1. Tell me the net charge near Ile119. Cut-off is 14 Å between Cβ atoms, Ile119 excluded, with +1 for each Lys or Arg and -1 for each Asp or Glu.
2. Counting Lys +1, Arg +1, Asp -1, Glu -1, what net charge surrounds Ala33 among other residues with beta carbon under 13 Å of its beta carbon?
3. What does the charge count near Thr55 come to, summing +1 for each Lys or Arg and -1 for each Asp or Glu among other residues with Cβ under 13 Å from its Cβ?
4. What is the extension gain from Ala68 to Val26, computed as 0.36 nm multiplied by their sequence separation minus the C-alpha to C-alpha distance, in nm to one decimal?
5. What's the exposure ranking of Leu30, Leu93, going from fewest to most Cβ atoms within 10 Å?
6. Can you list, bin by bin at 5 Å, the percent of alpha carbon pairs in region 27-121, starting at 0?
Amino acid sequence: MKRGVCVVSACCLVLALVTGALAQVVYPPLLEAEAGLCPGCSVTMAIKDGNTLQTMLQSAEPTDTILAFYREALTAKGWTVAHEMAMDQAKSLSFERGGANLAVAAMPQEEGKTFVTLIMETP
């Protein structure tokens, strides 16, 4: 019986992964109003929980190109850079405006792709 349950569980997991991979996730309108989707980026996940919006992207562009895009787009909308951080490979920028915070982090992944996380907290 345990073997049958494991096979069914494995099939459900594969189905969930395939279905999730085929589903198109929309770039959140709240982020679109502040900065459009970075060139070459696709949305892999978007979650809103209370006043926090978290969005994950994937891109073929390098981290510096992605961060430069968001720096230009957000400062043009009145956001100010609060913090910059660069670790071994990951880089991030934090912005502030009127009590709201928006963080952008980018990290290179395998196969020349870049993983990007945007976290926006509103008052």
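1. Counting the neighbours of Ile119, the net charge comes to -3.
2. In short, 0.
3. Values: positive: Lys48; negative: Glu32, Glu34, Asp49, Glu121.
It works out to a net charge of -3.
4. Answer, rounded to one decimal: 12.9 nm.
5. The fewest-first ordering by Cβ neighbours comes to Leu30, Leu93.
6. Histogram of Cα-Cα distances, whole percents per bin: 3, 14, 28, 27, 19, 7, 2, 0.
No value in this document is a laboratory result; all are computed from the given coordinates. A quick note: this is a predicted structure, and the numbers were derived from the prediction, not measured. Cβ: placed from backbone, ideal geometry, glycine included. Neighbour counts: every protein chain shown.
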